[in-house]
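A short write-up of the structure that comes next.
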Amino acid sequence: MVLPASKGWLLLVERLSPYAAGMNSRSNGALPSIRERILETALDEFYTCGFHGATMRNIAKAAGCSAANVYNHFENKSELLVEILRRASDEQFTATRNALRKTGDDPAERWRAAVAAHSLYIARNPRACLVANSELRYLGEIDRKRVVGSRDAQEQLFVDIAEEAVAQGIFSVRRVSQAVTAVLTMCAGIPLWFREDGPLTAEEVADDFALYALNLVGYSAG
């Protein structure tokens, strides 16, 4: 059995939207800075062409500036990719932590809140999340370390919640780390099929995935 879906829960997820909007909706009516335009066009370039296919010249052209101007802000493609991935990871982690601040001490509710916030960010930022999952491997060791710290911290947050739930007899799962990996991998697949103009909203997807994640760890309401 899983916790029933409720309008209240969807409202909680919706209140996370300022954090979950992320790199795909930074406009507040003002024109973005040249640095932000470069980052946005670089994200498009990495999403469309991949890391090796992307060029600083094409990024500059799409951003409406010279290649020299791009190099004034970013030394190379790797630095651009690091900034995009680091920012997306930090924003997603912030969204998850803010969801948990609005949740009580019950591990099942905290698990559900964390998965919903994590999934909502992915649904609302599909390009950044797909690029993060596909292009991270092309970074060197030092650059990778600049990105994965926040990602590892997020994973540990899920592990801590699940372990507490197991200790209280709320979850029934033998391998917590493996279960967390399964849940995060499931969420990472959202951009492969979710569309903004599809039958489900991002909030509905987030709520559904939170329920799936409860089932995966053997949650029972009693």
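Any chance the range 49-61 includes a residue that's touching a His at 6+ places or on another chain (Cβ under 8 Å), closer than 21 Å to residue 125 by Cα and modelled with pLDDT of 95 or more? The answer is no, given that none of the residues of the range 49-61 is touching a His at 6+ places or on another chain (Cβ under 8 Å), closer than 21 Å to residue 125 by Cα and modelled with pLDDT of 95 or more.
Pick out the one residue from 108, 113, 99 that is among the hydrophobic types (A, V, I, L, M, F, W, C), part of a helix (DSSP H, G or I) and farther than 18 Å from residue 179 by Cβ. None of the others qualify; the one that does is 99. Of all residues in the range 163-205, those being within 14 Å of the chain's Cα centre (by Cα) and under 15 Å from residue 110 (Cβ atoms) number 1. Across the range 64-92, the qualifying residues are those that are over 19 Å from residue 133 (Cα atoms) and touching a residue at least 24 places away in the same chain (Cβ under 8 Å), and the one among them that is surrounded by the fewest Cβ atoms within 10 Å (Cβ to Cβ) is 64. Does residue 163 satisfy being outside any loop (DSSP other than H, G, I, E, B), in contact with a Gly (Cβ under 8 Å, 6 or more places away or on another chain) and either charged (D, E, K, R) or touching a residue at least 24 places away in the same chain (Cβ under 8 Å) (or both)? No; evaluated as a whole, the condition is false for this residue.
Mind listing whichever residues of the range 166-181 are assigned to a helix (DSSP H, G or I) and loosely packed, with under 15 Cβ neighbours inside 10 Å? Passing the criteria: 167, 177, 178, 181. I'd like to check something: does the range 154-162 contain any residue that is modelled with pLDDT under 95 and not hydroxyl-bearing (Ser, Thr, Tyr)? The answer is yes, given that some residue of the range 154-162 is modelled with pLDDT under 95 and not hydroxyl-bearing (Ser, Thr, Tyr).
Looking only at residues that are assigned to a helix (DSSP H, G or I) and in contact with a Leu (Cβ under 8 Å, 6 or more places away or on another chain) in the range 71-86, which one is nearest to residue 118 (Cα to Cα)? Out of the qualifying residues, it is 85. Scanning the range 120-162 for residues that are in contact with a Lys or Arg (Cβ under 9 Å, 6 or more places away or on another chain) and of a type in the set (Lys, Arg) yields 137, 144, 146.
Condition first: of a type outside the set (A, V, I, L, M) and surrounded by 19 or more Cβ atoms within 10 Å (Cβ to Cβ). Now tell me which residues in the range 93-102 satisfy that. Of everything in the range 93-102, those that are of a type outside the set (A, V, I, L, M) and surrounded by 19 or more Cβ atoms within 10 Å (Cβ to Cβ) turn out to be 93, 96.
Looking only at the range 82-132, count how many residues are of a type in the set (Phe, Trp, Tyr) and touching a Cys at 6+ places or on another chain (Cβ under 9 Å). Summing the residues that are of a type in the set (Phe, Trp, Tyr) and touching a Cys at 6+ places or on another chain (Cβ under 9 Å) in the range 82-132 gives 1. Looking at this structure, is residue 136 surrounded by fewer than 19 Cβ atoms within 10 Å (Cβ to Cβ) and farther than 30 Å from residue 170 by Cα? Criteria met by residue 136. Checking each residue in the range 179-204 for being of a type in the set (Gly, Ala, Ser) and touching a residue at least 12 places away in the same chain (Cβ under 8 Å) picks out 179, 182, 188, 202. For the range 194-222, a residue qualifies if it is assigned to a helix (DSSP H, G or I) and of a type outside the set (A, V, I, L, M, F, W, C), and the qualifying residues are 203, 204, 207, 208, 212, 215.
The values are calculated or read from the model by the stated rules, or taken from the named source; none is laboratory data. All values reported here derive from a predicted model rather than from experimental measurement. Don't worry about glycine lacking a Cβ; one is built from the backbone with ideal geometry, like all the others, and counts go over all protein chains shown.
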